[in-house]
Amino acid sequence: MLATDSVNQAFLRFAERGYSAHNIALGRYVIMPDHIHLFVCGPDNFELGRWVGLLKQCLAKSVVRPPSADPVWQRGSFDHALRSDESYAQKWNYVRENPVRAGLVTNADDWPYAGEIIRIDSA
């Protein structure tokens with residue numbers, strides 16, 4: 001449901017508005033058919049849970065599904081804060097391979113619903 005052009009475009013618009021209006025930088029991401037992996041950082045008052053809720057609301061409007069279908073999103077989300085000894089590049093390499101592990105493509109570079117919006121290391 002999520003790995004579509006319309007959801008990808010809504011995701012990019014959401015990220016661009018968040019950065020220009022609130023200095024919330026959405027870095028690298030992978031949109032999978034039923035979930036999203038992303039790297040995000042924001043100002044000191046950034047509320048990740050609230051932001052994820054707004055992202056879910058925004059993207060749900062772009063999902064094409066029958067009215068009687070199950071909800072688009074599961075309740076909650078999973079987050080992991082990168083620690084100083086963890087490498088953003090290593091985590092990204094693992095995340096970007098998700099479409100390959102799922103059998104969706106043979107090369108991660110071929111997955112159309114992944115990329116980098118804002119360079120977090122310079123945001």
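The values are calculated or read from the model by the stated rules, or taken from the named source; none is laboratory data. All values reported here derive from a predicted model rather than from experimental measurement. In this analysis, Cβ positions are derived from the backbone assuming ideal geometry, glycine residues included, and neighbour counts consider all displayed protein chains. For the accessible areas, the whole protein counts, side chains as well, though only heavy atoms, and no ligand, DNA or RNA atoms are used. Shrake-Rupley method; radii C 1.70, N 1.55, O 1.52, S 1.80 Å.
Between the beta carbons of ASP34 and GLN90, assuming R0 = 22 Å, the FRET efficiency works out to 0.35 to the nearest 0.05.
For the pair PHE46 and THR106, the difference between a 0.36 nm per residue extended length and the Cα-Cα distance amounts to 17.9 nm.
Set the Förster radius R0 to 25 Å, insert the Cβ-Cβ distance between HIS22 and GLU97 as r into 1/(1 + (r/R0)^6), and round the FRET efficiency to 0.05. Don't skip to the end; give the middle numbers.
On the way: r = 31 Å, r/R0 = 1.22.
After rounding, the FRET efficiency stands at 0.25.
Accessible surface for SER6 stands near 50 Å², nearest 10, in the context of the full protein assembly shown (1.4 Å probe).
Ordered by solvent-accessible area of protein heavy atoms (1.4 Å probe), largest first, the residues VAL7, VAL105 come out as VAL105, VAL7. For the pair ARG119 and ARG13, label points projected 7 Å from Cα toward Cβ lie 2.8 nm apart.
Note on surface exposure: LYS56, LYS91 rank LYS91, LYS56 by accessible area, highest first, 1.4 Å probe.
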